[in-house]
Structures are given as structure tokens and as C-alpha cells.
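No value in this document is a laboratory result; all are computed from the given coordinates. Because the structure is predicted, anything quoted here is derived from the model rather than measured. No Cβ is skipped: glycine too gets one built from the backbone with ideal geometry, and neighbour counts run over all protein chains shown.
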């Protein structure tokens, strides 16, 4: 009975807060000043058709760097946790693996290059259409997932994946600092360190295609490493 009364009090309190908000709600017809400035000047100043990309990669470049760092920390944490569990688990593993289906293997081998190219397309065209490095990297990681699902003995090359991940991360930071050196103290990851090119073409928007390529490769390899660690723990 006390629990029901307490629940009713909480619901009444929430209604007291939210009902005035709902009744007084009005749609905003004009953009805030900062958003209006981005929309009006972003494409012209940065040469990117996709204004969302222009904002994320340049104006909010430090946020993007933080997101990449968070993903790296998460991947590292998962690797450490699964490795610790594997070391502490001394029980013999008696799970018998089923032979991979020839039909499934053939299908995945045919699809994998197509999915890989599609992922590359997504981050290469991030400045022209919806997409970008994070989305393209996630698509690339699905190739590794499908290979794991179709072939239980499949293993990734950790040296190559580690090199790609490290090279992408270091190059990303270097491009960011080039913006500070060449474009001014408040222009981290400024894409105008390279010519903006012709608006609407693949070779446009300055360094944005390069930046998103590096992000896509880093995200793809990190997610693939996460999948590999999870796969190793359940084998």
C-alpha cells in the first residue's frame, strides 16, 4: 500500500512539472543565431554540401576528437576485461565447433567486398551526402562480424589492424594541429589547410574527405577489434 501511495506521489509530481511545459509549448520558427550562422556561412566558408558534416568535422572538431577517444577507451577497456576473464578462467572449454556451411561461406565472401566498398563510399562522400567516418567505419566492421559468423576459425591480422588504427589516429591529430598552425590558434581541424576545390565534387571541402577517411578507418578497426575480443571469449 505504501509503495502505491509513493508511486502516485511521484506521478503527481511529474505531471505538475510536465503539464505546464506541454500546455505552453510552441514551435520555434527561427533558428538560433549560432545555428543560422552555420547554415548561412558553413557551405560557403568550408565548401561542404553536407552542413552537418561541416559542423561536426570543423566547427566542432574537438568534440569529434573526443568521440574517437571515447571509442578507443571503450575498445581498450573491453580488450582488458576479456583478456583478464580469459586468464582467470581455468575451466576446460568443451564447446564443439560446427563446420562452416559452404553456402554461407561463399555468400559472405561474395558480399564482403561489396559491403567494404559501400563503407568506404559512405565516409568518402560524407561531405556531399548523409554519412561520414563513424557510419562508414561501422559498416566496415560488419564485414568482420559476418566473417566471424560464417567461419568460426577466421582470425583478423592484429598487426595490420593495429597499424591502421594507430596511423589513422595519429594522422587525424596531426591534421588537427595543422589547422592550428596554418589557420590560427582557434582553428583546430580546419579543413581549409587544403584547397576547397569545386563545390559539390568529390575533391572538394578541403581536408574533410581525408579527415573522414581517417575516422572511418579508425572506427572500423576499433569495432573489429572489439568483435574479435568478444569472439575470443566465447570460443
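Values computed for the structure shown
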read-out: Expected 222 nm ellipticity per residue - DSSP helices of 4 or more, -39500 (n - 2.57), all of the chain, to 500; value: -24000 deg cm²/dmol
read-out: Computed lengthening from residue 104 to residue 15, 0.36 nm per intervening residue step minus Cα-Cα distance; value: 26.7 nm
read-out: Highest-first arrangement of 28-40, 135-147, where packing means the average Cβ count within 10 Å; value: 135-147, 28-40
read-out: Ranked packing of 150-163, 185-198, 108-121, 4-17, most packed first, by mean Cβ within 10 Å; value: 185-198, 108-121, 150-163, 4-17
read-out: Pairwise centroid distance, computed over Cα atoms, of the range 43-80 with the range 114-141, Å; value: 14 Å
read-out: Segments 57-67, 217-227, 201-211 sorted - mean Cβ within 10 Å per residue, highest first; value: 217-227, 201-211, 57-67
read-out: At 1.567 mPa s and 4 °C, Stokes D of the range 175-235 from Kirkwood alpha-carbon radius, µm² per second; value: 95 µm²/s
read-out: Amide N proximity, the range 123-137 versus residue 198 label position 7 Å along Cα-to-Cβ, cut-off under 19 Å; value: 125-129
read-out: Proportion of all alpha-carbon pairs of the chain beyond 22 Å (%); value: 64 percent
read-out: Whole-angstrom Cα spans of the range 1-68 along principal axes, big to small; value: 63, 33, 15
